[in-house]
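All remarks here apply to the structure that follows.
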Amino acid sequence: MQLQGIHHVAVICSDYQRSKTFYTEVLGLRVVAETHRKERGSYKLDLALADGTQIELFSFPSPPPRPTQPEAQGLRHLAFAVADLEAAAAELRRHGIEVEPIRQDELTGRRFTFFRDPDDLPLELYATGEK
C-alpha cells in the first residue's frame with residue numbers, strides 16, 4: 001500500500017450555519033460542494049484547503065457532544081500548516097477567537113498554538129517555515 005496523503009477529514013457540527021461561517025469566512029476554506037440530505041435532515045459541506053486536502057462538514061439532528069477534551073478516543077485535533085504563525089493567530093483573534101499562547105514542540109522544534117472551532121473541536125496552527 002502506498003498512501004499518497006490525506007484526502008479529507010470529516011467533522012460533525014452542532015450548528016451548521018455557524019460552523020459553515022467559521023470554516024469558510026474565518027479560516028478561508030473554499031466550498032467545493034454543498035449537499036442537503038433531506039432524508040437525513042442533514043447537510044454535507046465539502047471544503048478545500050489550498051493544497052487540495054478537504055474537510056467534510058456534516059450536520060446531523062442532535063449529535064452527541066464530545067465526551068472529554070482532548071484525550072477522548074478518536075480524532076484528537078486537526079493541524080493546519082501556516083507560514084506565519086503570529087499573523088494567523090492575530091487574524092483569529094480579530095475574529096474574536098481565543099488562541100492559546102504559542103509554544104514550541106520539544107520534539108520537532110516547531111512552534112504551534114491551539115484554538116477551537118464553534119463545537120469546541122481543538123484546531124492547531126503549526127508553523128512550517130521556521131524552527
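The values are calculated or read from the model by the stated rules, or taken from the named source; none is laboratory data. Just so it is clear, the structure is predicted and the values come from calculations on it, not from any experiment. Glycine also receives a Cβ, built like all others from the backbone with ideal geometry; neighbour counts cover every protein chain displayed. Each accessible area value is taken on the protein alone, full model and side chains, heavy atoms only, with ligands, DNA and RNA left out. Shrake-Rupley method; radii C 1.70, N 1.55, O 1.52, S 1.80 Å.
Does His36 satisfy the condition of being open to solvent by 60 Å² or more (accessible area, probe 1.4 Å) and in contact with a helix residue (DSSP H, G or I) (Cβ under 7 Å, 6 or more places away or on another chain)?
Considered against the rule, which asks whether it is open to solvent by 60 Å² or more (accessible area, probe 1.4 Å) and in contact with a helix residue (DSSP H, G or I) (Cβ under 7 Å, 6 or more places away or on another chain), His36 comes out as no.
For segment 74-88, name all the residues that are part of a helix (DSSP H, G or I) and open to solvent by less than 40 Å² (accessible area, probe 1.4 Å). Explain how you work it out, then say what you get.
Initially, segment 74-88 is screened for residues part of a helix (DSSP H, G or I), giving 85-88.
Across segment 74-88, the qualifying residues are Leu85, Ala88.
When the residues of segment 95-131 are filtered to those that are within 30 Å of Phe60 (Cα to Cα) and of a type in the set (D, E, K, R), which remaining residue is most open to solvent (accessible area, probe 1.4 Å)?
Glu98
Could you say which residue among Glu91, Glu106 is among the acidic types (Asp, Glu) and in a loop (DSSP other than H, G, I, E, B)?
Testing whether each residue is among the acidic types (Asp, Glu) and in a loop (DSSP other than H, G, I, E, B) leaves just Glu106.
Consider only pairs whose beta carbons are under 7 Å apart and that are at least six residues apart or on different chains; among these, list those whose first residue lies in segment 94-111 and is more than 15 Å from Phe22 (Cα to Cα) and touching a residue at least 40 places away in the same chain (Cβ under 8 Å) and whose second residue is open to solvent by less than 60 Å² (accessible area, probe 1.4 Å) and not hydrophobic (A, V, I, L, M, F, W, C).
Listed pairs, sorted by first residue: none to list.
Scan segment 26-70 residue by residue and report those that are assigned to a strand (DSSP E or B), at pLDDT below 90 and either among the polar types (S, T, N, Q) or on the phi > 0 side of the Ramachandran plot (or both).
If the condition is that a residue be assigned to a strand (DSSP E or B), at pLDDT below 90 and either among the polar types (S, T, N, Q) or on the phi > 0 side of the Ramachandran plot (or both), then Ser42, Ser59 are the ones that fit.
Can you list residue pairs whose Cβ atoms sit under 7 Å apart, with the first residue in segment 8-31 being touching a residue at least 24 places away in the same chain (Cβ under 8 Å) and open to solvent by less than 50 Å² (accessible area, probe 1.4 Å) and the second being among the small types (Gly, Ala, Ser) and in a helix (DSSP H, G or I)? Count only pairs 6 or more apart in sequence or on different chains.
The qualifying pairs are Cys13/Ser19.
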